[in-house]
Structure formats: structure tokens, C-alpha cells
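The values are calculated or read from the model by the stated rules, or taken from the named source; none is laboratory data. As the structure is a computational prediction, the values presented were derived from the model and not from experiment. Quick reminder, even Gly has a Cβ in these numbers, built from the backbone with ideal geometry, and neighbours come from all protein chains shown.
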Amino acid sequence: METKKRFAVSGAPHIHAKDTTAVLMLDVITALMPTVIAGIWLFGWNAARVIVISVVSCVGFEFLWEVLFKRPITVNDLSAVVTGIILAMNLPSTAPWWLILIGSAVAIVLVKQLFGGLGDNFVNPALAARAVLLASWPALLSGSSAYVTPFDAVSTATPLATLAEGTATANYSMIDMLIGRMPGCIGEVSKIAILLGLAYLLIRKTISWHIPVTMVASFMLFTWLFGGDPLTGVLMGSVLFGAVFMATDYVTCPMTVTGKLIYAGGAGLILALIRAYGGYPEGTTYAILLMNVATPLIDRATRRRIYGEVKSRA
Amino acid sequence: MHPLRHIGEGKPLTNACPVRPLIPDVVVIPTGMHLGAPSAPCVEKGQHVKMGEMIATPVGGLGLPVHASVSGEVLFVEPRQELRAAPEICIGIQNDKLDEWVELHPAGSVESATPEQIISAVKTAGICGMGGASFPTHIKLSIPEGKSADTAILNGAECEPYLTADHRLMLESPQRIIDGLRLIMRATGVGRGVIAVEKNKPDAIRSLQDAVKNIEGIEVFPLTTKYPQGSEKQLIHVVTGREVPRGKLPIDARALVFNVSTSAAICDAVTLGKPLVERITTVTGCVREPGNLLLRVGTTYDQAFAACGGLPENVKKVFAGGPMTGLCASDTSVSMTKATNGIVAFDEDQAKEFEETACIRCARCVNICPIGLYPYLLRSDIDKNDLDSAKKHGLMDCVLCGACSYICPARRYLTASFKAAREELSAKAKRR
């Protein structure tokens, strides 16, 4: 007989699927790359500056917080990198460095860590940060000279702002709007880049189609009902970026398919309402944030039936 | 594709290996192999026993007898640490390799045995569920007053990765399985017999289909290959379209489920009078020559691995059963039981431990749970030590299949924490 040897003892199961949190985050980062590259191509090194400051400060704040409060260091799960990129994608290339730092601090410290860290935040950190910045420094995020035109960097307002003010009609060709040759936030303008990212996320099964497709469809439907042009609506502003990269944040979206459909449908409706009747030219941020807050309710309302549970006679 | 289709590799290691018998030098037979109180030893050190002789008598309502799986001299009757939480009395027997059987008394043929004869023969043979649950089979066969069943399902899904013991049995002894099913149907008065097999075993499906061709009331039911298809609740739903009501037993869905190995053991017990003293076990994973062995009950893991070319140096983990639900053994001196369908060794790489990280609410556990539970929520109840809330969220409904832990990207110990919480609850209930 062989000599006695002590083996590792652990609870079943003894095998695991390959994906870990870091792998999922890396998938999102990879999916964001076309958008990042398009942003730098369109808005130049100024955009690269925003992205670098945002990512470094998000990771930095997370690291500092965890060191300061003696929590396990989790920066290698890459979630702060994702937040950093998404925040940068939501800012104009003209954003001053201090604005980015404040945004990162709000996202990582206020929204994420104060509520318990990854998984416990009830709204999307990058979105909440953008909302805070938008409310605090409106001129820098929605003013008439906050944005620049691609390539030549002439100060201008976004086409949606121009439309809302009624000062001029935005006049961009379909091609311009698809590749992003229009003023706007770094990540929202190039629809082709965003769609490439979506395709990657769907192929990798990082996300399912339910939220992005439903949110865009709902937005288009209601825009049409409210008398707008659904196609131009999608191609302008951040609806597509929001539907693909922000509404799909695991932490803040519902869990079941039914829940996801309600959530995304609601986000599309609110967005269409804000655009058609609201005071802001763009509403993606608030539409998704509002649905983030409604997520626990949606989850409760769409609870799955437990096997063997007798249907209640309501 | 669903993430639980064809999980893990492992079956190709052994699914083409014909069953080969292993004659052990020594057997160490635990008295607590079945669910229920351990049996009481009725032999002494130094005594000579014949193969098939009863060496421990049933204790309590769920009691079962234990039989000698070899002939020879009793070496010891003493407590040993096996896979159960606490040490249990084990009976060691030196094998004289003469295989001298006790006189066997068949109860009757497949055609003639009466329900009473069948149930009594099954009890005398010490048969318990051989798929892992080890519930005494004669109790399952005795349908309680006022209840009835219309479907008997033989579980040949073998949905656990790596395991091929049932697969080989279905290929090599389809007749014993079917005869066992006919006896089960007679004993319980059930009209429909179903042998459910995952489609990843087309040869087994064909072998069984050929064998049931002219038998009325018995059909082979090919199942989608998807873990945990072989869980009792899933099987009943797939085969009958009915669900076992929450907190109730399969009989409440008018169905009975037996493992295919159990069915073959029932056939041997009734038609030959043979007690359950041997079974097919897949010995696989990180071993030099993986295979399907016909093992005498009480064969130590040491001997089983030695018969498979021995364990390489880098083996880090050994468990009984499949990798989704298997129970770890801290060393290889332990013995296989009536319910051990597999003994698997994993190397350092396969046994790598993961650090648990924060739940990111990705909902993979929710969407994968075959019972419709919210594993992440259950875990947070348990972390808060709120077992009442956990019960409300379905702690007792969980089938411990391991799917949620398997899929969790944060590598959270979900299934393990549910198991621990259930053990805590049942310990509390006992104290009362």
C-alpha cells in the first residue's frame, strides 16, 4: 500500500467555468477599445489625456481608499479601469484635469467604496459621477462651447444642444454620424466603434442582447410616438453608448430576462421623454440612473418561480 | 449554447474502458454506508466469514444490513475515520481469495416474484441508492398508504463529468437493469417504466433500446446533455412533466427514481439472492491508467488507485463521486461504499483553490439554478446568519448540484455554504 498522504479538502464543486471577475472586466475593456481608439482618432491627444487621467485616478482612488481603510486590495479585478474608461468616454475632450479628478473621486469613493465596494453600489459609478459633474459645472459639460469638432478642434455645442436651443439645425450626414465625425463626448460619437464593442460582448457572452436592443428599440419607438425622428435620435448623443456599456452594468441592472426587458424599456422611455420634453438636451445619464434605482423593485417584481412552488391563486 | 451543456472534460478518459474486476487483499467495510443509523456489527475479530454473510445488522427505521464482500478472517471491528464527519465502526476482513459464498436464496424469477418477496429480498440484500444518495431502497419501494405512483424512472443520466460507471453498466449489462426495473414496477404497481439516459451516451441508449424492444410498458428516454439532468427533481419534470411540490417527496409527484446500478442490484438480489457486495466504480482523473472497476464494497482507495497504475506524485485532491458534487478524502486509506460511483484524483493544477471575491450581481447563478433559486441572495442570508430568510429563499429546495458555484466568476462558495447551513439546521433540529 502507498504511504499516507494528506490531500486538499474542499467543498464541491471541484471544477469551475473559466470566467472570473477580472476576465469579464477585461472583456468589457477589450470591447471599449474600438471606442477609445475612435475617440483618440477623432479628438486627438486631448482625448487620450482625458482617458489616461480618468483611468489612473480611478484606479488610484480605489487603491488609496483600500490602503487607507485596510481593506483587501482589489484593483487587479480591473473594475476601476472599466469605470475610468467609461467616465472618460462620457466627458468632452476639453474636460480640465481637475474635473476628471473630481469625477473619478465621486465614482470610486462616493458611489462605489462608501457603499461597500464592487457589487454593492446601487447606481453605476461612472454615470453618477457624470450626473454630479453635469449638475455642478453645466458650462463644462453642456455649454455652447464645451465640445469641439473632430480633427480641427473648433469649439462648438453638441448637435443635440443645438437642436434643443433651436438656434440651428444639426446637419450631419449618415456617414458622419456613424463614424463619429461630429462634436460630442469622447466615447459617444462613433457608433460603428460602439457596435463593434457590442458584437464582441455578445460573442463572448459577457452580456446578453436584451438590454441594449430593448433600450434602443424602446427609445426609437417612443421618440417616434413623440413626433421625433427615431434614426437621427439614435445616431446623436449617447443613447447607443449608454445602452451598450452603461445600462448593462451587472451590478445595477436586473437579473432575469423579464426584469432586463422592463428595465431597458423604461430607460428608453425616460430617455425619449427627456429628449422630447425635458430641459436637458440629452438624457441618457438620468434615464439609466433612474432605472438603476428601480432595479431592486424590478428584481422583486420579476422573481423566478421556485421549482415545485404552487402557483398562487391571485 | 447553455453553459452547462457538456461541462468539463473527463468522460473520454474511461468511457471506452470495459469493466474489470479488482480482487482486494483486504476490505474495510464501513457500517454507515447508507442514509440512516449505522448498522450494528455481529462478527468478532478472528472470526471466519463467508462472502455475502451478514456482518452487521440493521438499526432503526432506515437501517440496512451489511455483508462481507470477500471470504476470510475478520481482522478488526473498530472505529475509523471514513468520509462521514465522525469516525464510524468499520469491519476489516482479510481476503482469503477463495470467494466462498454463503448459501444464497433467490426470492423468485423476474416473472414470478411477488411484491412482498421483492421488497423483502431488497432489504435483506442491504441495497441503498447507488447514485450517491444511499437512501435505503426497500423503503422507496414500499409506497405509503394513500399514495400512489404511475412512473418509475431509472436514472442513467450520469450527468457528472468524469464518471462512466453507469454508462459501462448500461452497455455491458442492459438485461439486469431492465429486469430490475420490471421488479420495481411489480413491487410498486407502476405501469410506466422509463430508463432516462443523456444523449452523450448513444451506444448505451442503443443497447438498452434493443433490450426493451419487446417489453411492454418500458421505454428508453434520451435526455438532453445538460447538467444537472440527473438530479431527481429535473428527471421527474423532464419525464413526467410534473414537479415535486416544494418540501415534498417524488412520490407526491407520483414518480419514483432509482439509479440504473440500483436496478441491477435489485435484479441480483431477487433472482439470485445476492446481497450488495460489489459495484462498478470509475477510478479516474490524474491516475496512470483510469478505468471502470468492479470493486468489492470496502475496497480502500489505496488498492483502487494501485489497480489503476498508482497515483502520480502531483495529485493534490481525491474525491468520491463526480467533480460537481464529490466529497473530498483527506487520504487514500478510506474505503469505497455501496454509493461510490467514482473515485477521482486531481493534480495541483486541477485542485487549485480560488480566492473568493465580491459578488458582482452578474446573475449567472440566478439564471443557471435548475430550481429557480437566487443563490447569491441565499449566500447573503447565510452570511448574515439569517437562516429563516434563507429558508424562505429556498435553502431547503436547493439540490446542491453545484451549478452556481461552478459558474460564479467571483468564485464564491455558494453550494458549500448552503450545505453547511443545512447541516447546521438539521443539527439544531436534532438538539430540540
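What to note about this one:
- Taking the stretch B:291-333 as the range and being among the small types (Gly, Ala, Ser), closer than 30 Å to B:Leu414 by Cβ and at the interface with another protein chain (Cβ under 7 Å from one of its Cβ atoms) as the test, the residues that pass are B:Gly326, B:Ala329, B:Ser330.
- Residue count, the stretch B:304-330 (criterion: charged (D, E, K, R) and free of Cβ contacts under 8 Å to residues at least 24 places away in the same chain): 1
- Taken residue by residue, the stretch B:5-14 has no member that is assigned to a strand (DSSP E or B) and either at pLDDT 95 or above or within 30 Å of B:Asp179 (Cα to Cα) (or both).
- Candidates are the residues of the stretch B:341-385 that are hydroxyl-bearing (Ser, Thr, Tyr) and more than 8 Å from chain A (Cβ to nearest Cβ); the one that is farthest from A:Arg300 (Cα to Cα) is B:Ser380.
- Of B:Lys338, B:Lys391, all but one fail to be more than 30 Å from A:Ala22 (Cβ to Cβ) and out of contact with any strand residue (DSSP E or B) (no Cβ under 9 Å at 6 or more places or on another chain); the exception is B:Lys391.
- Looking only at the stretch B:183-192, and only at residues there that are crowded, with 24+ Cβ neighbours inside 10 Å and either among the charged types (D, E, K, R) or out of contact with any Phe, Trp or Tyr (no Cβ under 9 Å at 6 or more places or on another chain) (or both), the one that is nearest to B:Asn15 (Cα to Cα): B:Leu183
- Flag if A:Leu261 is over 22 Å from A:Leu87 (Cβ atoms), without any contact (Cβ under 8 Å) to a residue 12 or more places away in the chain and surrounded by fewer than 21 Cβ atoms within 10 Å (Cβ to Cβ): no
- Considering only residues in the stretch A:146-178 that are surrounded by 13 or more Cβ atoms within 10 Å (Cβ to Cβ) and assigned to a loop (DSSP other than H, G, I, E, B), the one that is modelled with the lowest pLDDT turns out to be A:Ala170.
- Among the candidates B:Val257, B:Val287, B:Val283, residue that is assigned to a loop (DSSP other than H, G, I, E, B), touching a strand residue (DSSP E or B) at 6+ places or on another chain (Cβ under 6 Å), in contact (Cβ under 8 Å) with a residue 40 or more places away in the chain and hydrophobic (A, V, I, L, M, F, W, C): B:Val287
- Among (1) away from chain A (no Cβ under 14 Å); (2) part of a helix (DSSP H, G or I); (3) closer than 20 Å to B:Ala187 by Cβ; (4) over 20 Å from the mean Cα position of the chain (by Cα), the one test that B:Ile215 misses: (2)
- Test: A:Ile37 is more than 30 Å from B:Cys328 (Cβ to Cβ) and more than 14 Å from chain B (Cβ to nearest Cβ): yes
- Residue match in the stretch A:289-296 (condition: surrounded by fewer than 19 Cβ atoms within 10 Å (Cβ to Cβ), more than 14 Å from chain B (Cβ to nearest Cβ) and under 25 Å from B:His393 (Cβ atoms)): yes
- Selected residue (only one of B:Thr57, B:Thr124 is of a type in the set (Val, Ile, Thr) and touching a residue at least 40 places away in the same chain (Cβ under 8 Å)): B:Thr124
- Some residue of the stretch A:16-29 being within 14 Å of chain B (Cβ to nearest Cβ), more than 26 Å from A:Ala247 (Cα to Cα) and at pLDDT 90 or above: yes
- Among residues of the stretch B:393-432, those that are at the interface with chain A (Cβ under 7 Å from one of its Cβ atoms) and assigned to a helix (DSSP H, G or I), counted: 6
- Of all residues in the stretch B:220-254, those satisfying the criterion of being in a loop (DSSP other than H, G, I, E, B), β-branched (Val, Ile, Thr) and more than 12 Å from every other protein chain (Cβ to nearest Cβ) are B:Thr224, B:Thr225.
- Condition met for A:Ala267 (over 26 Å from B:Cys408 (Cβ atoms), at pLDDT 95 or above and more than 15 Å from the chain's Cα centre (by Cα)): no
- Within the stretch A:8-56, restricting attention to residues that are within 27 Å of B:Pro228 (Cα to Cα) and in contact with a Ser or Thr (Cβ under 7 Å, 6 or more places away or on another chain), the residue that is surrounded by the fewest Cβ atoms within 10 Å (Cβ to Cβ) is A:Val9.
- Checking the stated criteria, B:Ile118 turns out to be out of contact with any strand residue (DSSP E or B) (no Cβ under 6 Å at 6 or more places or on another chain), among the aliphatic types (A, V, I, L, M) and modelled with pLDDT of 95 or more.
- Restricting attention to the stretch A:106-162, the residues that are within 14 Å of chain B (Cβ to nearest Cβ), more than 18 Å from the chain's Cα centre (by Cα) and at positive phi add up to 1.
- Across the stretch A:12-31, the number of residues qualifying as farther than 19 Å from B:Ala351 by Cβ and in a loop (DSSP other than H, G, I, E, B) comes to 1.
- For B:Ser330, the test of being assigned by TED's automatic domain parsing to the domain that holds B:Pro79, under 24 Å from the mean Cα position of the chain (by Cα) and more than 30 Å from A:Ser208 (Cβ to Cβ) is passed.
- Residue ID - farthest from the other protein chains (Cβ to nearest Cβ), chosen from residues in the stretch A:236-285 that are of a type in the set (Ser, Thr, Tyr) and part of a loop (DSSP other than H, G, I, E, B): A:Tyr280
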